[in-house]
């Protein structure tokens, strides 16, 4: 049949249930945008910058069953989007990157946008597919989506030569056969050994990551049967319901409160499911699992990289838990452990309230108000830095897919565009962005996208005039701050320029009413920006843990040098 490649792409996207594409049209893909305009099920979204487009697509994948699609021109469109693609790659988020290539039918050199973009994309994608003939466009896009979701998820790029979009092609009927292998199931020997270790343990515990997000109900059954406390990674926040009596903390080790460390110090068998023990997840490798570590992940390449495991099980998390449960002894009640956990959380909350600054917005009161006024299934989009760790420690979430943030690539500027993407995909849910005032400067112009499309997250800008996470590290380690204090800017004027509402919270007494107003205005499809005079005087447990871990890891002479330098600077007697 005769058909342009642009229409083939649209048919492939429709077959995969794609609802949105994000990007900026250019001369190489205008035919594709024209074809998307005729689709009844796909809406192409114009962004202000391709990096933001990649964050929006990422958020669609994190918060819905639809895959996020980034649609960019060759060259500059690809390079602008690299940070967001890398974030999705390192956080294991499926993404389809449509990056058309320059024309290959002219025989001409030095074309506009002509770079080896496949070489740029290769290290940060699972694959780069390039159709060599028009008949390969449809199966390549379908395969890219399947590959992005298979195994450890991640971005897959499809580089379609632009002449395929422009010229009418003669292709046979469109077809695709999914021949990717199914997710691995655990072997009988591994199940038997895992059950034996857990049944023999006096104090088993669970450490759960994003890879277990499809099994929240099974995880609850597993924890209750074992009578085990449950910790999660940062990205795994909400995978286990945090109102449950056995939920302990996001992370353990040096970056956790004292009561968490006490409980986990007794752990004699740790079952880690769907996690990699990465640097951020472990707060700079500041935790120490017991000798009896059972590590379960769909990707065998993660095993024994940072921590030696007694047993490794390459398997899908849901299949593993489902088949493990019948082999476990039922330990009965866990009232004593639950009481200890409940007491620990109450003490932590009391410390937060006691240390708050009455002249600014205390973090405990702010996050409590967010959860009081937002719906239970609200989505919180955080940014790189202090806001992520504050949200991690203060929010109590009941469901997976409610906490999204840039974790392993830690890319600033994520929260605002991610919140917009999440709102596109979940128009009936409350979506809240938690942006640092430095991160907002990177991608805050996407507020224009929100107001243009009447997509309305509530954007809370945690305003302290500094790059908080870095400045805390600098002042602790160096007793000075360099290039981490921001220049002043008028957030009210920025909100007005983007056609958004504006509110300002300056102290605790204003929190509840203004948070409620912001969320209600967002529900009326008005994107609203809320300036929050946040109190960052208390370091998060995460920050204190990272500083402590890295300090004691240094050789003795270097520790002494750092202490002397900080002391001299406090006394102002030089280095």
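Please treat every number below as a calculation from the coordinates, not as lab data. Quantities reported herein were computed from a predicted structural model and do not represent experimental measurements. Neighbour counts are summed over all protein chains in view; Cβ atoms, including those assigned to glycine, are modelled from backbone coordinates with ideal geometry.
How tilted is helix 188-200 with respect to the longest principal axis of the chain? Cα atoms for both, answer in degrees (0 to 90, nearest 10). The angle comes out at about 20 degrees.
How much of the pair distance distribution for region 401-465 lies past 14 Å, counting alpha-carbon pairs only, in percent?
Considering region 401-465, 54 percent of its Cα-Cα pairs are separated by more than 14 Å.
Against the chain, whose longest principal axis is taken from its Cα atoms, helix 511-523 shows a tilt of about 20°.
Please give the FRET efficiency for residue 310 paired with residue 149, using the beta carbon to beta carbon distance and R0 = 35 Å, rounded to the nearest 0.05. All intermediate terms of the calculation are to be shown ahead of the outcome.
On the way: r = 31 Å, r/R0 = 0.88.
Using R0 = 35 Å, I get an efficiency of 0.70.
With N the number of residues in region 528-575, Rg(Cα) / (2.2 N^0.38 Å) evaluates to 1.69. The packing ranking of peptides 50-57, 11-18, highest mean first, is 50-57, 11-18, where packing means the average number of other beta carbon atoms within 10 angstrom of each residue. Residues 355, 2 in ascending order of nearby Cβ atoms (within 10 Å, fewest first): 2, 355. Shape of region 209-249 from the C-alpha gyration tensor: oblate (a/c of 1.5 or more and a/b not above b/c, with a ≥ b ≥ c the square roots of its eigenvalues).
I want to make sure I understand the PRE zone here: with the label point 7 angstrom from the Cα of residue 261 toward its beta carbon, which residues in region 267-288 have backbone N atoms less than 19 Å away? Within reach of a label on residue 261, which here means backbone N under 19 Å from a point 7 Å along Cα→Cβ, region 267-288 contributes 267-268, 280-288.
Need one number for region 355-541: average projected area of the convex hull over its C-alpha atoms, nm². Projected over every direction and averaged, the Cα hull of region 355-541 covers 10.1 nm².
Kirkwood radius, region 475-575, all distinct C-alpha pairs, inverse of mean reciprocal distance: 17.6 Å. Distance between the C-alpha centers of region 242-257 and region 91-140? Whole Å please. Here the answer is 43 Å between Cα centres. Please compute P(r) over all alpha-carbon pairs of region 188-339, binned at 5 Å starting from zero, and give each bin as a whole-number percent. In whole percents, the pair-distance histogram is 2, 10, 21, 26, 24, 13, 4, 0. Using only the C-alpha atoms, the convex hull of region 74-222 corresponds to 152 Å³ per residue.
Over 32 Å apart: what share of the alpha carbon pairs of the chain falls there, rounded to a whole percent? Everything past 32 Å amounts to 49 percent. When the alpha carbon gyration tensor of region 292-445 is reduced to an equivalent ellipsoid, the three semi-axes, largest first, read 33, 24, 17 Å. The packing ranking of peptides 22-32, 367-377, highest mean first, is 22-32, 367-377, where packing means the average number of other beta carbon atoms within 10 angstrom of each residue.
Of the peptides 125-138, 525-538, the order by per-residue mean of other Cβ atoms within 10 Å, starting with the highest, comes out as 525-538, 125-138. With helices as the sole contributors, the chain gives -12500 deg cm²/dmol at 222 nm; each DSSP H run of n ≥ 4 counts as -39500 (n - 2.57), and the sum is divided by every residue.
In region 442-512, the convex hull through the Cα atoms has an average projected area of 6.2 nm², a quarter of its surface area.
Over the chain, what is the mean sequence separation of C-alpha contacts under 8 Å (at least six apart), divided by residue count, expressed as relative contact order in percent?
Over the chain, the number comes to 13 percent.
Projecting the alpha carbon convex hull of region 256-311 along each direction and taking the average yields 3.8 nm². For region 2-170, what D do you get in µm² per second when you plug the Kirkwood radius from alpha-carbon pairs into Stokes-Einstein at 37 °C and 0.692 mPa s? So the translational diffusion coefficient is about 213 µm²/s. Between the helical axis of 415-425 and the longest alpha-carbon principal axis of the chain there is an angle of about 60 degrees. Counted residue by residue at 0.36 nm each, then reduced by the alpha carbon distance between them, the extension gain from residue 428 to residue 512 reaches 28.0 nm.
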